[in-house]
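Notes to accompany the following structure.
The values are calculated or read from the model by the stated rules, or taken from the named source; none is laboratory data. What you are looking at is a predicted structure, and each value in this text was computed from that prediction instead of being measured. Cβ coordinates were reconstructed from backbone atoms using ideal geometry, including for glycine residues, and neighbour counts include every protein chain displayed.
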Amino acid sequence: MCSGQGSAPASTTPSRSPAHATVIDLPHTDAAADQVLSLPIHPGLTTTQINDVAQAVTTLAHAAERAA
């Protein structure tokens, strides 16, 4: 959660969907989905909320740089 903003996966990848999980194998799709960052940005956010999201992304990027 980011300063009161909710977070959840935007959607599942096709090969992880219960309807397709045993029918198709999409390893490249799964690998790409593991690297996607969905940001909670939409027209209903205030400038303060957008700045909070931007600050959270900046904090995450700095933490990743330190860990590398």
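Counting the residues of the stretch 18-47 that are hydroxyl-bearing (Ser, Thr, Tyr), surrounded by 10 or more Cβ atoms within 10 Å (Cβ to Cβ) and either part of a helix (DSSP H, G or I) or in contact with a Gly (Cβ under 6 Å, 6 or more places away or on another chain) (or both) gives 1. Tell me, yes or no, whether the stretch 3-10 has at least one residue that is modelled with pLDDT under 70, surrounded by 13 or more Cβ atoms within 10 Å (Cβ to Cβ) and not small (Gly, Ala, Ser). Among the residues of the stretch 3-10, at least one is modelled with pLDDT under 70, surrounded by 13 or more Cβ atoms within 10 Å (Cβ to Cβ) and not small (Gly, Ala, Ser), which makes the answer yes.
Checking each residue in the stretch 49-67 for being surrounded by fewer than 10 Cβ atoms within 10 Å (Cβ to Cβ) and more than 28 Å from residue 16 (Cβ to Cβ) picks out 65, 66.
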